[in-house]
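**Student:** I'd like to ask you about the structure that follows.
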Amino acid sequence: MTNTVNKLMPIAKCFTFGSSSSLNVQAYRFFRWILPPIFGLFLLAVIWAMIAEHTPELPGPIKTWASAVELFSDPFYDHGINDKGVGWNILASLQRVGLGFGLAAIIGIPLGFIIGRFEFVARMTAPVISLLRPVSPLAWLPIGLLVFKAANPAAIWVIFISAVWPMIINTAVGVNKVPQDYMNVAKVLNLSEWKIVTKILFPFVLPYMMTGVRLSIGVAWLVIVAAEMLTGGVGIGFWVWDEWNNLNVEHIIIAIFIVGIVGLLLEYALTQIAKRFSYE
Amino acid sequence: MEKANTDKYVQLEHVNMTFNTKKGTFNALKGINLNIKEGEFISIIGHSGCGKSTVLNLIAGLLHPTDGLIFCAGREIAGPGPERAVVFQNHSLLPWLTCFENVYLAVERVFENETKAQLEARTHAAIELVGLTHSSDKRPNEISGGMKQRVGIARALAMEPKVLLLDEPFGALDALTRANLQDELMKIMAKSGCTAVMVTHDVDEAVLLSDRVVMMTNGPSATIGEILEVNLPRPRARLALAEDKEYNHLRSEVLRFLYERHAKKSA
Ligand SMILES: Nc1ncnc2c1ncn2[C@@H]1O[C@H](COP(=O)(O)OP(=O)(O)OP(=O)(O)O)[C@@H](O)[C@H]1O
Ligand SMILES: [Mg+2]
């Protein structure tokens with residue numbers, strides 16, 4: 001009895017202490033932020049179910065859900081090189097993306113600074129960048145295979161080449177946007193190049209750089225699935241291909257959700273990091 | 001070392017300044033000749049766009065004259081130097097650094113051989129001089145416009161410059177804050193004895209603070225129209241001067257120059 005009373009207390013408070021406003025705020029939040037996304041996902045499921053109803057080959061949401069529950073009950077089994085749990089596949093893909101993306105950051109960000117800082121370098125690199133940037137990432141795969149003579153480094157190479165452009169370009173744009181006032185301060189105070197970079201350029205460029213980093217991780221994650229389909233081994237992309245050969249359509253749909261959710265989480269994590277570093 | 005002529009501490013000789021713009025060349029300054037004595041306070045006044053900031057930036061070494069020569073302490077100015085500190089119109093503090101760190105950045109560079117404790121002491125002293133000790137750990141966006149401008153002044157003074165260059169230092173402030181800062185600046189300048197060149201568009205400010213007021217004609221090809229000596233005794237008190245005959249005479253001289261002889265044609 002006392003238990004129920006305790007549980008009801010907060011609700012009672014809402015009603016008694018004239019906090020109709022706080023109730024309104026909650027209702028407002030619910031209708032504005034929570035209801036629409038739920039409704040959207042629900043609509044997606046309904047449309048999917050309707051299509052599945054008329055397409056015998058395509059499993060519906062309920063069947064897929066059941067399959068997902070089963071799949072994730074043991075994500076980390078290991079039955080040899082070509083039969084690993086879905087967890088291993090996700091981790092393998094994340095590792096490749098991490099490596100390719102990390103290399104792209106290590107090279108792309110400093111390069112962006114140099115390009116932004118020195119006009120000559122900017123002019124020099126402009127044609128190369130405009131020529132190479134629009135190339136579809138997968139077109140680089142054969143070159144990777146040729147040079148590295150192995151699938152795994154080739155996949156990492158493809159991630160690197162697709163992730164490096166947004167970081168170079170956004171960093172360089174940020175450096176170009178540093179207000180002349182700040183550069184005048186640097187000149188009048190006669191700051192060393194190191195101080196200019198650490199005390200003026202870096203803090204100012206950080207938000208631009210983080211935009212580049214976020215774009216890059218998005219692209220990298222997009223590309224890994226396709227690259228792995230071609231290279232094979234262990235990885236979420238290869239897993240999709242494997243399940244296609246097994247004609248396990250539930251698993252393919254699950255893979256689509258996994259790719260989407262992991263991409264979302266990566267982007268979210270980087271946005272949070274970017275917020276922490278912003279000076280405002 | 002050659003002893004600099006104290007009557008010509010800062011010297012501009014036949015300075016021309018032409019900018020290259022997209023529409024061709026633009027002659028901003030023509031035939032500027034000016035000698036500034038050591039310890040003197042000079043104001044440059046003129047209508048907007050005549051080239052006041054350009055003159056200041058030339059002395060600061062941020063710009064190089066197209067023709068002519070500029071000297072400071074007998075040496076030609078080749079670029080910015082720690083003996084010439086600048087207070088910028090829009091304060092130009094770095095928003096990601098605290099007030100203390102903003103000042104420290106300047107001090108650190110000028111007094112490279114000193115220990116960290118000495119540098120920090122200098123920074124504290126400069127911030128105390130402008131009365132901001134209580135806000136020294138705040139970021140620029142957490143303090144008022146007047147306070148930001150004080151930090152800008154502290155940053156310049158902390159460098160112990162020979163010449164202080166101020167570009168409309170109080171332009172963005174309300175009248176009361178402006179008056180307070182003007183009084184403080186007068187005290188600080190009396191104490192430090194350094195030479196100052198201030199750009200302003202405020203007639204009262206020019207007459208109150210300066211030993212000489214340099215009045216510029218309108219651009220393009222702006223030049224020095226007239227130089228007014230202000231022989232009012234120091235220290236100067238704002239209230240007493242308001243009734244002073246000489247002060248009001250000088251004030252109307254400047255006004256007459258700006259609004260009669262070189263009135264800006266309304267755009
Ligand atoms: N970097 C530049 N390139 C081209 N033209 C310039 C440049 N800097 C200044 N000018 C021109 O030179 C003239 C003088 O500019 P300046 O900034 O010195 O004027 P000012 O007297 O300081 O004006 P204000 O009172 O509005 O600050 C203006 O017509 C301006 O357009
Ligand atoms: Mg100006």
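Quick note: the coordinates plus some simple rules give every number you see, no bench work behind them. Just so we're clear, the structure is a prediction, and the values are computed from it rather than from any experiment. Counting neighbours? That spans all protein chains shown, and the Cβs are built from the backbone with ideal geometry, glycine included.
**Student:** I'd like the FRET efficiency for residue A:149 and residue A:72, computed as 1/(1 + (r/R0)^6) with the beta carbon distance as r and R0 of 35 Å, rounded to 0.05.
**Tutor:** It comes out at approximately 0.45.
**Student:** Right, another one. For residue B:90 and residue A:107, what is the calculated FRET efficiency with R₀ set at 35 Å and r taken between the beta-carbons, to the nearest 0.05?
**Tutor:** The computed FRET efficiency comes out at 0.45.
**Student:** Using 7 Å Cα-to-Cβ label points, what is the residue A:22/residue B:124 separation (nm, one decimal)?
**Tutor:** That separation, rounded to one decimal, is 4.6 nm.
**Student:** What is the distance in Å between the Cα centres of segment A:185-221 and segment A:97-146?
**Tutor:** When both Cα centres are located, 17 Å separates them.
**Student:** Another question, if that's okay. Say R0 is 35 Å: what FRET efficiency, to the nearest 0.05, do residue A:123 and residue A:197 get from their beta-carbon distance?
**Tutor:** The formula returns an efficiency of 0.95 here.
**Student:** Treat each spin label as a single point 7 Å out from the Cα along the C-beta direction, and report the residue B:37 to residue A:49 distance in nm.
**Tutor:** Rounded to a tenth, the inter-label distance reads 9.4 nm.
**Student:** Between residue A:190 and residue B:256, what is the spin-label point distance in nm, taking each point 7 Å from the Cα along the Cα→C-beta axis?
**Tutor:** Going by the 7 Å Cα→Cβ label model, 4.5 nm.
**Student:** Considering only DSSP states other than H, G, I, E and B, which GluC sites (Glu not before Pro) in segment B:73-129 qualify as loop sites with at most 13 other Cβ atoms within 10 Å?
**Tutor:** When the GluC sites (Glu not before Pro) of segment B:73-129 are filtered for loop state and at most 13 Cβ neighbours within 10 Å, B:112 remain.
**Student:** On a straight-distance basis, which lysines could pair with residue B:138 in a cross-link, Cα separation under 16 angstrom, same-chain partners fewer than 8 positions away excluded?
**Tutor:** Counting by Cα, and skipping residues close in sequence, residue B:138 has these lysines nearby: B:148.
**Student:** Along each of the three principal axes of the Cα atoms of segment B:55-114, give the extent in whole Å, ordering the values from largest to smallest.
**Tutor:** 40, 30, 12
**Student:** If we count trypsin sites (Lys or Arg not before Pro) as exposed when they sit in a DSSP loop and have at most 14 other beta carbons within 10 Å, what is the longest stretch of chain B that avoids them all?
**Tutor:** It works out to B:24-263.
**Student:** In addition: Taking DSSP loops as anything outside H, G, I, E and B, show the longest stretch in chain A free of trypsin sites (Lys or Arg not before Pro) there with at most 11 other beta carbons within 10 Å.
**Tutor:** A:1-148
**Student:** Shape call for chain A from the C-alpha gyration tensor, a ≥ b ≥ c root eigenvalues: rounded (a/c under 1.5), prolate (a/b greater than b/c) or oblate?
**Tutor:** oblate
**Student:** Okay, moving on. Could you work out how much longer the chain between residue A:276 and residue A:257 gets when fully extended? Use 0.36 nm per residue separation minus the Cα distance between them, nm to one decimal.
**Tutor:** 4.0 nm
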